[in-house]
Number of protein chains: 2
Amino acid sequence: MKLYEYEPAPNPRLVRIFLAEKGIDVPREQVDISKGENRRDEFLTLNPMGGLPVLELDDGTCIAETAAICRYFEALQPEPSLMGRDALGIARIEMWRRRMELEIALPIMLCFRNTHEYFSGRYPQFPDYGEACEKQARKRLQWLDGELAGREFIAGDDYTVADITALIGIDFGRMVNIRPDELPHLKRWHEEVSARPSASA
Amino acid sequence: MKLYEYEPAPNPRLVRIFLAEKGIDVPREQVDISKGENRRDEFLTLNPMGGLPVLELDDGTCIAETAAICRYFEALQPEPSLMGRDALGIARIEMWRRRMELEIALPIMLCFRNTHEYFSGRYPQFPDYGEACEKQARKRLQWLDGELAGREFIAGDDYTVADITALIGIDFGRMVNIRPDELPHLKRWHEEVSARPSASA
């Protein structure tokens, strides 16, 4: 088993934190996105979408997509549970994981991709759209702050994959100057999840 | 139990097809997106994101997010399986479900949102970005056509939630004149999944 990843990127970090919480160790190989290594034919054979991370099993089977890799390890080793145990828990955590991915991490990444000089020349940028994504991300963080006034973690009383998804998205926000500092409940949550040993995985 | 939905929208259709395949019947209530009913306070109490569908349980608990609702019913009633039985099956189907959602259905919907007159005045549109999304969707459909040359369904030999996700995305493509007709393997697959009784749910 081998995990193709890239240290500085948010999605590989999500899987590293997930594995650290589970206490699972997987050999890793770096694919340098900044050098376009993920766009080379050799890598596209593993994942035609070009995204990282990708988990390669011993028989050569490849699992791409961060959430699919998490689900693989959750099924292989259910404890400590990060994606729910019963139907309602599974659904509630998936709802929150998706909200964190699609309403917070995604607009932050789309803002970065469409406004940051890193992508200038690599990708057609739409700065107006990027700014709208930033506005949307800030609005959702404000809403999330209110949610966290009433509970410890994103999806309830337990730390789950929804927290990891929010953490990697919000930390990546630094790249476009989005920070949790001015929102008190989000700041409290952020300090708490960042203090876990897994956060530096 | 009650499903808040809107007949013409793609995500509610995904859940209807999923439930039809499972043989599960859930009472439904229409929330008219065209009249902005999903942006009213009454609905935002059920789902602050404003998205449809939302599943309300008898105790008032609400599950939003299409994929979370599917996962709820998959856990409640595993057969016929639409999301995988073992770790590898679960991960493979989730990988393909996500590819269909994020690489095909999402760019089609973003194209619609940013270029179609339906959203003119309702939402700030970024037509250039919408056109880039259309290009991306067409590129991915071409790739998917090649994938379907080698197997019957999106994620392998069995019909799964990945097929339903692709179907609702591709059928919605008509709104922006994206059709599967010119791609032979995609056309074969589309005819096959459209012929299932669930497709008209």
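The values are calculated or read from the model by the stated rules, or taken from the named source; none is laboratory data. Since we're looking at a predicted model, the values are computed, not measured. For neighbour counting, all protein chains shown are included, and Cβ atoms are generated from backbone atoms with ideal geometry for every residue, glycine included. The protein model used for the area step is the full one, side chains on, heavy atoms only, and it has no ligands, DNA or RNA in it. Shrake-Rupley method; radii C 1.70, N 1.55, O 1.52, S 1.80 Å.
Against the conditions (1) at pLDDT 95 or above; (2) out of contact with any helix residue (DSSP H, G or I) (no Cβ under 7 Å at 6 or more places or on another chain), A:I104 satisfies every one except (2). For the stretch B:35-42, indicate whether the set of residues that are more than 17 Å from B:R122 (Cβ to Cβ) and not in a loop (DSSP other than H, G, I, E, B) is non-empty. Yes, there is a match, as at least one residue in the stretch B:35-42 is more than 17 Å from B:R122 (Cβ to Cβ) and not in a loop (DSSP other than H, G, I, E, B).
Selection of the stretch B:127-167 for residues being part of a loop (DSSP other than H, G, I, E, B) and open to solvent by 10 Å² or more (accessible area, probe 1.4 Å) yields B:A149, B:G150, B:R151, B:E152, B:D157, B:D158, B:Y159. Only one of the numbered conditions (1) closer than 20 Å to B:G84 by Cα; (2) of a type outside the set (K, R); (3) in contact (Cβ under 8 Å) with a residue 60 or more places away in the chain is not met by A:P10, and that is (1).
The listed residues are B:A87, B:A75, and the only one of them that is facing chain A (nearest Cβ under 9 Å), of a type in the set (A, V, I, L, M, F, W, C) and either within 27 Å of A:M49 (Cβ to Cβ) or surrounded by 24 or more Cβ atoms within 10 Å (Cβ to Cβ) (or both) turns out to be B:A87. Residues in the stretch B:20-47 that are crowded, with 17+ Cβ neighbours inside 10 Å, within 14 Å of another protein chain (Cβ to nearest Cβ) and touching a strand residue (DSSP E or B) at 6+ places or on another chain (Cβ under 9 Å): 2 in all.
The residue that is nearest to the other protein chains (Cβ to nearest Cβ), among those in the stretch A:116-126 that are in a loop (DSSP other than H, G, I, E, B) and open to solvent by less than 80 Å² (accessible area, probe 1.4 Å), is A:F126. For the stretch A:48-65, taking the residues that are facing chain B (nearest Cβ under 9 Å) and assigned to a loop (DSSP other than H, G, I, E, B), the one that is surrounded by the most Cβ atoms within 10 Å (Cβ to Cβ) is identified as A:E65. Looking for something within 26 Å of B:Q136 (Cα to Cα) and among the polar types (S, T, N, Q) - is there at least one such residue anywhere in the stretch A:13-30? Checked the stretch A:13-30: no residue is within 26 Å of B:Q136 (Cα to Cα) and among the polar types (S, T, N, Q). Only residues that are touching a helix residue (DSSP H, G or I) at 6+ places or on another chain (Cβ under 9 Å) and of a type outside the set (K, R) were counted in the stretch A:26-61, giving 21.
If you check A:G130, A:G84 for being in contact (Cβ under 8 Å) with a residue 60 or more places away in the chain, touching a Ser or Thr at 6+ places or on another chain (Cβ under 8 Å) and over 17 Å from A:L167 (Cβ atoms), only one passes: A:G84. Residues of the stretch A:168-188 that are in a helix (DSSP H, G or I), within 24 Å of A:C133 (Cβ to Cβ) and in contact with a helix residue (DSSP H, G or I) (Cβ under 8 Å, 6 or more places away or on another chain): A:I168, A:G169, A:I170, A:D171, A:F172, A:G173, A:M175, A:V176, A:H185, A:L186.
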